[in-house]
Amino acid sequence: MLKSLFLTFFLLFITGLILIAALFLYVAKDLPDPETIISRRISESTKIYDRTGAVVLYDIHGEEKRTIIPWENMPENIKLATLASEDSSFYSHQGLDFKGILRAFLKNLTEFRISQGGSTITQQLIKNALLGDQRQNFFSVTSRKIKEALLSIEVERRFSKDQIFWMYLNQIPYGSNSYGVEAASQTFFGKQAKNLEKLIFKPSRENITAPHFVIMVKDYLIKKYGEEVVENGGLKIFTTLDYKLQQVAEQSINNHAEKNEKQYKAKNAALTAINPRTGQILAMVGSRDYFDIANEGNFNVATAKRQPGSSFKPFAYAVALEKGYPDSTVLFDFKTEFNPQCLADGSQEKDEFGLDCYHPQNYDGRFRGPVTMRQSLAQSLNVPSVKTLYLAGVDDTIDLAERMGITTLEENRKNFGLSLVLGGAEVRLLDMVSAYGVFANDGIRQSPAFILKIEDAESNTLEEYKPKEERALNSQIARMITNILSDNLSRAAVFGSNSSLYFSDRPVAAKTGTTQENRDAWVMGYTPSLSVGVWVGNNDNASMTKQGAGISASGPIWHEFLAGALKETAVESFLQPDPVEIDKIMLNGSFVPEDPESKEIHSILYYIYRSDPKGLPPSDPTQDSQFKNWEEIVKTNFNLTGN
């Protein structure tokens, strides 16, 4: 009887061993190769950096936000805290904690549910990296646990403890889609893992720096490389953004935001800065507060279409200078009607065909009589600027603006008239800053750039910045425009001698712009190495409450940013244009004939063909459609009669 009972137990024991061995063999046949735990391609998020590579502007990720960092960048406190909470005997066992496994097994068996795992760090790594965490029922979990144990033993045999721990710390989930200690550190503390000392949780706002710039970069990446690669490919994007200048830009807007809203009913502002020598975007603030969803803060005004007001004027003056009109050219700032079918005195609103008459005012309602082109541009006078556009030609002015970087004019080219010079077209702030950079860069245009380099997860270079330069404007013309825009004495009659456009310690060129009904306020300006534009207004196109808001609302932001950006930098001087001497009435600064027998005052169209100002005077000036009105208004204001 005893022998029979012993034999029965022995057979059951042998059968159990055979069944266990069979189970192990059955499970083992589907085991993945342990070597793949270190060689497999891990989903890794894409990082967008500033130009130094030291500041992460944004972490683009899919379901898993992860950044792989080397072992030496993991602080000891992270390692010790992980060991204490997850596997205190990690460095002494061989991959399995048998006491923990038995304890968990008995607990799960008595409750007949999966409540405890008893897994070591090695097992957790296996589960996350090779097997996945799929809890279904007791038997499937048992099968997975056997695989986990077998793989843990093999992984411990093939890799050192530090290697296993390093893989674990780079892959384990920490919540909020953050995988690995680096992603978790950035998510919860706003800093790199290597810089964790004092643990202070960062605010819950999305961890994004220079958001409007970053979203522009992200859109470009997805369009070029696809969403899957961008979210999971571990790309490293080194952008052109200067983080320090970005902080100055954001602070400059923030410092004046409340005042602008209260005084001018202007709720929003934007700023863009470019290095004109390279075209690289150094700072971009697309709105006052990206996270202010109620006021559409995430809308990027820097890349949106807005009317530029008088900040468009330099393009027309540049074309006029190219055609031979010197800056000393005299134009009459009188109320002038530019629709030839309307009365010259500007008293009509419609002509006989029902078309609008056009007789623009200066922003202060005053007219200044004879002025030079230099004075007109520097003081932003409207009437002589419209005359300058007529002399330069609308199409030629559009052509130049496009060569200099304005990208929004071609579609409506046929609809533009003389109001173009006063900001009648829509442009982008980014384009305007780039185009003004042509003036700063001696007539050479550098295409705007926001990428320095893109690397894949293996540090292979996918693309890299290369300058794209072309001559857009004659250097002498660029220097003359710069000379005028930096002439504080010439603009002082309107803006004062100590306006926000003026810097006492260095030459700076600047131009304001305010659109009709005060919907947009601009200041554009530059030094040889920095082109900056500021826009102030409202996203819904609501009017501001003060005339001349360009200088009042945008000027202080623009000045504060430039002052901060240029602080402790060397003073740079602009190249000076060659002197221009033309001994011809109206072009030489004089409008009074030298002939003692004829002292009659005439408009410029009496003396020149507009397409050839240096040539002979026209034999019949009345053939010019603008001549009648221009001439009549001059005679009226000088109390003269016709010939």
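Here are a few things to note about the model shown:
- Qualifying residue in the stretch 346-356 (condition: in contact with a His (Cβ under 6 Å, 6 or more places away or on another chain) and of a type outside the set (Ser, Thr, Tyr)): yes
- Residue check: ARG51 meets all listed conditions (1) part of a helix (DSSP H, G or I); (2) at pLDDT 75 or above but one, namely (1).
- Some residue of the stretch 436-444 being out of contact with any strand residue (DSSP E or B) (no Cβ under 8 Å at 6 or more places or on another chain) and of a type outside the set (Asp, Glu): yes
- Members of the stretch 319-360 that are of a type outside the set (Lys, Arg) and closer than 15 Å to PRO613 by Cβ: VAL319, ALA320, LEU321, GLU322, GLY324, TYR325, PRO326, ASP327, SER328, THR329, VAL330, LEU331
- Residue, modelled with the lowest pLDDT, within the stretch 347-392, restricted to residues that are within 22 Å of GLU517 (Cβ to Cβ) and acidic (Asp, Glu): ASP364
- For the stretch 573-583, the condition holds for no residue, the condition being that it is of a type in the set (Gly, Ala, Ser) and closer than 22 Å to GLU250 by Cα.
- Yes/no for GLU455 being of a type in the set (D, E, K, R), surrounded by fewer than 17 Cβ atoms within 10 Å (Cβ to Cβ) and at pLDDT 95 or above: no
- Number of residues in the stretch 559-574 that are out of contact with any helix residue (DSSP H, G or I) (no Cβ under 8 Å at 6 or more places or on another chain) and either part of a helix (DSSP H, G or I) or not hydroxyl-bearing (Ser, Thr, Tyr) (or both) equals 9.
- Qualifying strands (runs of 3 or more DSSP E) (wholly inside the stretch 391-472; at least 1 residues being in contact with a Phe, Trp or Tyr (Cβ under 7 Å, 6 or more places away or on another chain) and either free of Cβ contacts under 8 Å to residues at least 60 places away in the same chain or among the basic types (Lys, Arg) (or both)): 451-455
- With respect to the conditions (1) closer than 23 Å to MET480 by Cα; (2) in a helix (DSSP H, G or I); (3) among the polar types (S, T, N, Q), SER552 falls short on a single one, namely (1).
- Residues satisfying the stated conditions in the stretch 361-390, i.e. in contact (Cβ under 8 Å) with a residue 24 or more places away in the chain and on the phi > 0 side of the Ramachandran plot: GLY369, SER380
- Residue match in the stretch 600-612 (condition: of a type in the set (A, V, I, L, M, F, W, C), modelled with pLDDT under 95, part of a loop (DSSP other than H, G, I, E, B) and touching a Phe, Trp or Tyr at 6+ places or on another chain (Cβ under 6 Å)): yes
- Across the stretch 608-626, the number of residues qualifying as surrounded by 16 or more Cβ atoms within 10 Å (Cβ to Cβ), under 21 Å from THR397 (Cα atoms) and of a type outside the set (A, V, I, L, M) comes to 5.
- Test: PRO308 is over 15 Å from TRP535 (Cα atoms) and either out of contact with any Leu (no Cβ under 7 Å at 6 or more places or on another chain) or crowded, with 22+ Cβ neighbours inside 10 Å (or both): no
- Test: residue in the stretch 529-543 that is in a helix (DSSP H, G or I) and under 26 Å from TYR363 (Cβ atoms): no
- Among residues of the stretch 505-537 being at pLDDT 95 or above and polar (S, T, N, Q), the one that is surrounded by the fewest Cβ atoms within 10 Å (Cβ to Cβ) is SER529.
- Of all residues in the stretch 157-173, those being in a loop (DSSP other than H, G, I, E, B) and out of contact with any strand residue (DSSP E or B) (no Cβ under 9 Å at 6 or more places or on another chain) number 2.
- Selection from the stretch 587-604 of residues that are hydroxyl-bearing (Ser, Thr, Tyr) and without any contact (Cβ under 8 Å) to a residue 40 or more places away in the chain: SER598
The values are calculated or read from the model by the stated rules, or taken from the named source; none is laboratory data. Only a predicted model underlies this, so the values are computations on that prediction, with no experimental measurement involved. A quick note on method: Cβ atoms are made from the backbone with ideal geometry, for glycine too, and the neighbour counts reach across all protein chains shown.
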